[in-house]
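Everything on this sheet refers to the single structure shown next.
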Amino acid sequence: MESIITAKFGGSSLAEAGQFEKVKNIIESDPNRRYVVPSAPGKRFSSDYKITDLLYLCHAHVQQGIPFNDVFDIIAARYKEIVACLILKHKELKELDIDSILNVIKKDIGSGASADYTASRGEYVNGIILAKLLGYEFVDASEIIFFNKHGVFDTVKTQAAVKEKLLCKERAVIPGFYGAMPDGSIKTFSRGGSDVTGAIIARCTSSTLYENWTDVSGFMMADPRIVSNPKPIDTITYRELRELSYMGATVLHEESVFPVREAGIPINIKNTNKPEDKGTLIFDDTNCSEKPSTITGIAGKKDFTVIAIEKHLMNIERGFCRKLLAILEQNEIHFECMPSGIDSVSLVVEDKSIASKLDDVIEEIKRQCKPDAIEVYPNMALIATVGRGMSRSKGIAATIFTSLAKEQINIRMINQGSSEINIIVGIETDDFEKAIRAIYSAFVN
Ligand code: ASP
């Protein structure tokens, strides 16, 4: 089967001329990298600005009637510097009239262009520069990525447009982050949305692989701000990824997983600054026979409240949980998990979701469910230990609990989903970092 790679490059991978050179080398080292999706220039150093943020700022200035020249000049200077540096080595860039491209954008913003149009220009200009550098065709995302009149991504129209306008090109650069509404106006995805464009292009071109190039070598087994030098994750399934990213391990935009997952296309997270690193391969495990390692990763989230409810003979009372959940629903509160015993059930809810409604909810539970006891535990954190190999190994729970006990950490709640790819423990927020380190070192020596 023909191999086609869609390669998306994030903002830090295209933040300055030197990064463009790295991207060029990466693309040229594998002829299968035929469709390339760039982000707008990101930060070069931690106090730097992202071009997209500056573009939004220009729009806000115009809205308030404040001159936006100074902000736009910073944007223009970044692009001009990139082009000026690249021209020294790549004469073909001389053909690019960056000044007039930027002037058109400045004029459009000044005459009241929408926030989405304005923000999308970061990717647009980067796409034009990158296409010229690579000698690839530039295909504007507004010609192949479509939204319906409600602003929802239109798969059918996009697929047809990709077939007509992209598949006939041997190689192309398609700017990320935006597409077009039915009336032709520009609409962006949510922030970080170039990942989504990459996934859509991979899907619609039937790519064999979706490469997502960023500034880290994929996922780590734990957050490096908590565990020093955590091991990288070589392979992870889509299901595991969902569990870990829900718990805060984010490298990819959430919506970018769906299009490729559905089509069975693996995603490889790679590091533009260390292309030799394997990165993390995300794949569907249904047809996979490899023997997975016991645990894949550990992630956690703070700021939960647990409402623990007890009632004698709860197990034979019909409709108890229905009443309980209806109370949450009426108050527009979602819950994270609901571990239960024979006569007890706990609701784990995010602080921000329940916040000011807590007292009313408790009163309502007392009134409708008539529990024997109801306790509220604030300041809870959840830690998920995730691994597709868990269901086939013995002693995983024992290892987790022993490691926490050794550190004198009190476990307030335990939840193991029936999918058996994760074990979640609830602990006091103050123990959060200590607990992650304890579990990590119990599994990784
Ligand atoms: N440039 C856009 C943002 O900063 C989209 C992206 O980088 O993926 O959100």
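Return the FRET efficiency for the residue pair Glu317, Asp73: r is the Cβ-Cβ distance, R0 is 51 Å, and the value is rounded to the nearest 0.05. Intermediate values should be presented prior to the final figure.
Values: r = 69 Å, r/R0 = 1.35.
Calculated transfer efficiency: 0.15.
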* Structure fact -> Stretched fully, the stretch from Glu170 through Lys149 gains (0.36 nm per residue minus C-alpha distance, one decimal, in nm) 4.4 nm
* Once Lys and Arg get +1 and Asp and Glu get -1 on their Cβ, which of Thr158, Ala76, Leu102 lies farthest toward the positive end of the dipole of the chain? -> Thr158
* Separation of the Asp108 and Ser344 label points, Cα + 7 Å toward Cβ, nm -> 6.0 nm
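Assuming 0.36 nm per residue, please report the length gained on full extension of the stretch Asn32 to Glu2 beyond their Cα-Cα distance. Let's see the in-between values first.
Numbers: separation 30, 0.36 × 30 = 10.80 nm, distance 0.87 nm.
Computed gain between Asn32 and Glu2 is 9.9 nm.
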* Starting from the Cα of Lys311, draw a straight line to each of the aspartates and glutamates and keep only those under 14 Å, dropping any in the same chain fewer than 8 residues away. => Asp343, Asp372, Glu375
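Fewest first, what order do Asp223, Asp234 take by the number of other Cβ atoms within 10 Å? Could the numbers behind the result be given before it?
On the way: Asp223 18, Asp234 13.
Fewest-to-most Cβ neighbours within 10 Å comes out as Asp234, Asp223.
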* To do: Can you tell me the relative contact order of the chain? Whole percent, Cα pairs under 8 Å, sequence separation 6 or more.
  => 13 percent
* List the residues of region 324-351 whose backbone N lies under 16 Å from a point placed 7 Å from the Cα of Asp372 along the Cα-to-Cβ direction. => 341-346
* Asked: Straight-line reach from Lys357: which lysines have Cα under 20 Å away, leaving out those fewer than 8 places along the same chain?
  -> Lys302, Lys323, Lys366, Lys370
* Asked: Give or take rounding to whole Å, what are the principal axis extents of the alpha carbon atoms in the chain, in descending order?
  -> 79, 52, 42
* Return the tail of the calculated pair distribution for region 364-430, meaning the percent of Cα-Cα pairs more than 21 Å apart. => 41 percent
* Choose one of Gln330, Ala202, Gly65: the residue whose Cα lies farthest towards the positive end of the charge dipole of the chain (beta-carbon charges +1 Lys, Arg; -1 Asp, Glu; about the Cα centre). => Ala202
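Set the Förster distance to 22 Å, then compute FRET efficiency between Lys357 and Asn379 from the Cβ-Cβ distance, nearest 0.05.
The computed FRET efficiency comes out at 0.80.
Of Lys43/Lys434; Lys231/Lys406; Lys352/Lys406, which pairs sit farther than 29 Å apart, going by alpha carbon to alpha carbon? Please list the in-between numbers first.
Numbers: Lys43/Lys434 32 Å; Lys231/Lys406 23 Å; Lys352/Lys406 32 Å.
With Cα atoms farther than 29 Å apart: Lys43/Lys434; Lys352/Lys406.
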* Asked: Taking only Cα atoms, what is the 0 to 90° angle, nearest 10, from helix 17-28's long axis to the longest principal axis of the chain?
  -> 80 degrees
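Where in the chain is the longest stretch that carries no GluC sites (Glu not before Pro) classed as loop by DSSP and with at most 11 other Cβ atoms within 10 Å?
Values: sites that count: Glu2, Glu170, Glu276, Glu290, Glu332.
Maximal segment without exposed cleavage sites: 3-169.
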* Structure fact -> Ordered by number, the trypsin sites (Lys or Arg not before Pro) in region 330-398 that occupy a DSSP loop and have at most 13 other Cβ atoms within 10 Å are Lys394
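Readers should treat all values here as calculations from the given coordinates under stated rules, not as data from a laboratory. It should be emphasised that the depicted structure is a prediction, and the values quoted were computed from it without experimental measurement. Cβ coordinates were reconstructed from backbone atoms using ideal geometry, including for glycine residues, and neighbour counts include every protein chain displayed.
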